[in-house]
Amino acid sequence: MKIDWGFLRLVLYCAVGVAGLIVYPLSRFASGEVVQSVAASGLANLLHLLLGYAAIELGFEKSNTTFLKVILGGTVLRLLLLVGIVFLLVRVYQFHTLSLMISMLLFYVLNLALEIHFLQKKVSLKS
């Protein structure tokens, strides 16, 4: 599997940028359990993004049918993994639910934009 270091650098820059934007407000105005929930959702979504990146890299050079199976099947598995992580964090570890879910949604939207950007870049390079 070929590694696109440019995309991984972009992911790192986005993660550091988002962390830089939210560290002060969270440390100033939020409780420790809210900070913990936001950090956990950020890490869970980072895992989700990296698994999506791997799925795109694995399936991109395959036939269109195989590519769709890898991407769509991978998306279902990644969403189930996220649901499992949320269940574990909320039910077992008693994380703050509202902050976990809101930050999970915001991180998911950011990661989805990054995945779409990566996929468009791959398609434009192939053409």
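Quick note: the coordinates plus some simple rules give every number you see, no bench work behind them. Note that the coordinates shown come from a computational prediction; the quantities given were computed from them, not determined experimentally. Cβ sites come from the backbone with ideal geometry, for glycine too, and all protein chains shown count toward neighbours.
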For Leu47 and Arg91 in the same chain, what is the full-extension length gain: residue separation times 0.36 nm, less their Cα-Cα distance, in nm?
13.8 nm
Tell me what the chain gives for mean residue ellipticity at 222 nm when only DSSP H runs of n ≥ 4 count, each as -39,500 (n - 2.57), the sum divided by the residue total, rounded to 500 deg cm²/dmol.
-30000 deg cm²/dmol
If you average the sequence gap of Cα pairs under 8 Å that are 6 or more apart and divide by the length of segment 5-126, what percent do you get for the contact order?
36 percent
Assuming 0.36 nm per residue, please report the length gained on full extension of the stretch Lys2 to Tyr24 beyond their Cα-Cα distance.
4.2 nm
Explain nothing, just compute: Karplus ³J(HN,Hα) = 6.51 cos²θ - 1.76 cosθ + 1.60, θ = phi - 60°, for every residue of segment 65-78 in order, whole Hz, x for Gly and Pro.
5, 5, 4, 5, 5, 5, 5, 5, x, x, 5, 4, 5, 5
Please report how far the C-alpha centroid of segment 10-42 lies from that of segment 45-95, rounded to the nearest whole angstrom.
22 Å
Label Val35 and Leu12 with points 7 Å out from Cα along Cα→Cβ: what is the distance between them in nm?
2.5 nm
Going out from 0 in 10 Å bins, what whole percent of all Cα-Cα distances in segment 5-126 drops into each bin?
12, 40, 31, 13, 3, 0
